[in-house]
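What follows is a short report on a single structure.
The values are calculated or read from the model by the stated rules, or taken from the named source; none is laboratory data. All values derive from a computational prediction rather than experimental measurement. A quick note on method: Cβ atoms are made from the backbone with ideal geometry, for glycine too, and the neighbour counts reach across all protein chains shown.
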Amino acid sequence: MNHLIVYASKHGTVKKAADILRFQLKGSCELHNILEEESVYLSDVDTVIIGASVYFGSIHKKLKQFLENYEEVLLQKRVAIFICAGEENPESLQKEIEDNFPLSFRNHAHPIEVIGYEIHFNQLNFIEKFIIKNVKNIQEDKEKLCEFAIFQFARALNM
């Protein structure tokens, strides 16, 4: 089984999750950061795993563009989605998934999983810090990436 994890990682959490995931999958697994290289070669890939961070309600525009550009090809392959999101309310998380992934992907992809988040204030710009402190009321670094959720995600893909 050939896997490809296509991800967008601004502060490194999605890349960290992708690195953990790749070693739990059966078969080969390559990583592709869409922020570094937009073109993706999908013909030899059996499973495409989309890794996204949700920043203030939205995934990165380059990842969204990838989904639009490759929709026809992706819907002919096995697709899975994981997101890192600083939201903990289940209804809000569901809305973030619905707002960022077209119905065609949500119906086709399995599994779709929220695997946690990390916030490191030293990596944030002024506006990000302001919003997180004043809107989200988070005052310190948070490490809530759930390795068990990543393990469960890999387990579902390995079945």
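Just to be sure before I move on: is residue 61 out of contact with any Cys (no Cβ under 9 Å at 6 or more places or on another chain) and at pLDDT 95 or above in the structure I sent?
Working: out of contact with any Cys (no Cβ under 9 Å at 6 or more places or on another chain): yes; at pLDDT 95 or above: yes.
Yes; evaluated as a whole, the condition is true for this residue.
Could you grab the pairs with beta carbons closer than 7 Å, sequence gap of 6+ or different chains, first residue in the stretch 82-99 and farther than 18 Å from residue 67 by Cβ, second one part of a helix (DSSP H, G or I)? Cβ pairs passing all conditions: 87/93; 87/96.
Just to check your reading of the model, which residue among 152, 139, 123 is among the polar types (S, T, N, Q) and closer than 30 Å to residue 78 by Cβ?
Working: 139 fails: closer than 30 Å to residue 78 by Cβ; 123 fails: closer than 30 Å to residue 78 by Cβ.
From the options 152, 139, 123, the qualifying one is 152.
Mind listing whichever residues of the stretch 129-159 are in a loop (DSSP other than H, G, I, E, B) and either surrounded by fewer than 11 Cβ atoms within 10 Å (Cβ to Cβ) or modelled with pLDDT of 85 or more (or both)? Before the answer, list the steps.
The first filter runs over the stretch 129-159 and keeps only residues in a loop (DSSP other than H, G, I, E, B), leaving 135-141, 144-146, 159.
Across the stretch 129-159, the qualifying residues are 135, 137, 139, 140, 144, 145, 146, 159.
Table: residues versus (1) of a type outside the set (Val, Ile, Thr); (2) surrounded by fewer than 21 Cβ atoms within 10 Å (Cβ to Cβ); (3) farther than 13 Å from residue 154 by Cα; (4) at pLDDT below 95.
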| site | (1), (2), (3), (4) |
| --- | --- |
| 7 | yes, no, yes, no |
| 12 | yes, yes, yes, yes |
| 15 | yes, yes, yes, no |
| 30 | yes, yes, yes, no |
| 41 | yes, yes, yes, yes |
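If I filter the stretch 65-101 down to residues being assigned to a loop (DSSP other than H, G, I, E, B) and at pLDDT 95 or above, which single residue comes out as surrounded by the fewest Cβ atoms within 10 Å (Cβ to Cβ)? Reasoning before the result, please.
Narrowing the stretch 65-101 to residues assigned to a loop (DSSP other than H, G, I, E, B): 70, 75-77, 86-89, 101.
Cutting the leftovers down to at pLDDT 95 or above gives us 70, 75-77, 101.
Numbers: 70: 15, 75: 14, 76: 10, 77: 15, 101: 22.
Among residues in the stretch 65-101 that are assigned to a loop (DSSP other than H, G, I, E, B) and at pLDDT 95 or above, the one surrounded by the fewest Cβ atoms within 10 Å (Cβ to Cβ) is 76.
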